[in-house]
Amino acid sequence: MREATPGADAFGRAAQPSFLVPRVPAEPPLTFRTQSFVPWPTRLRTASDRCTVWLRLAVSTEIEHGRFFLVSPVFAGAGAILWFVLGSAPAELRMVAWFAAFAVVALVAGPGRRLIRNLALAGLLCVTGMFAAQFETWSKATIILDTAVTTTIIGRVERREGDGRGRWRYIVSVSSTQSPEIKRLPERVSVVARGQAEPFAIGEWVTGRARLTPRAGPALPGLDDFAFSAYFDGIGANGFFYGRQALHRL
């Protein structure tokens, strides 16, 4: 028979200890937080600083390649658009003050502070565009018809447009009117003639009885303003001729 060894039973298996070993509980699985512990104002400030650094780098790179000069007409055009979008034209002294302020900032900044200097130059270009828009408006000085009137016009055909249905739209440079005589006479009018067998030639003098009305503005806010484009085209009224019998060549 096999002799029992110390610490083993008769079959050679290790003897079980007389006391129980305490079980160590398993650690719970790790959970990861999906949100940052950093407060959102700090995160927002950090993102803003990163965007500022990136913007400065991008702007400096573009300026080094000379692209600021290429986009200078964009700033001037933005100033002209701003002048037309405003409800009323800014005072000339105010625009002169803006121009002087931006010019002083650009001179004081110098080449050392390139970003500030270029921002001042951009503002200077915007004010220049506003001056250009105001000068263009002053230089046109288109006379707009005050009220609707039926009169006989005498003038020369400058342009014509046909619609394929026998109607022709003429831009007529008006020299005079009769029955009644218009005191504030528009330089050009846009009139429509219907049922003409042969249209008038450009440069031809014509006379005819016509109904003239001032150019209409936009029907709703944001729609096309026909009076705006007509003003810069020098057209002070639009209308139509009263039939073929009232329309003659001179």
Checklist line | Among (1) assigned to a strand (DSSP E or B); (2) among the β-branched types (Val, Ile, Thr); (3) not assigned by TED's automatic domain parsing to the domain that holds residue 215, the one test that residue 157 misses | finding: (3)
Check: Out of all the residues in segment 141-179, which are touching a Phe, Trp or Tyr at 6+ places or on another chain (Cβ under 6 Å) and closer than 30 Å to residue 92 by Cα?
Finding: 142
Margin query: With the structure loaded, tell me whether residue 102 is outside the structural domain of residue 225 (by TED's automatic domain parsing) and closer than 30 Å to residue 223 by Cβ or whether it fails that test.
Written below: no
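The values are calculated or read from the model by the stated rules, or taken from the named source; none is laboratory data. Quick caveat, the model's predicted, so the values are computed rather than measured. We place every Cβ from the backbone using ideal geometry, glycine too, and count neighbours over all the protein chains shown.
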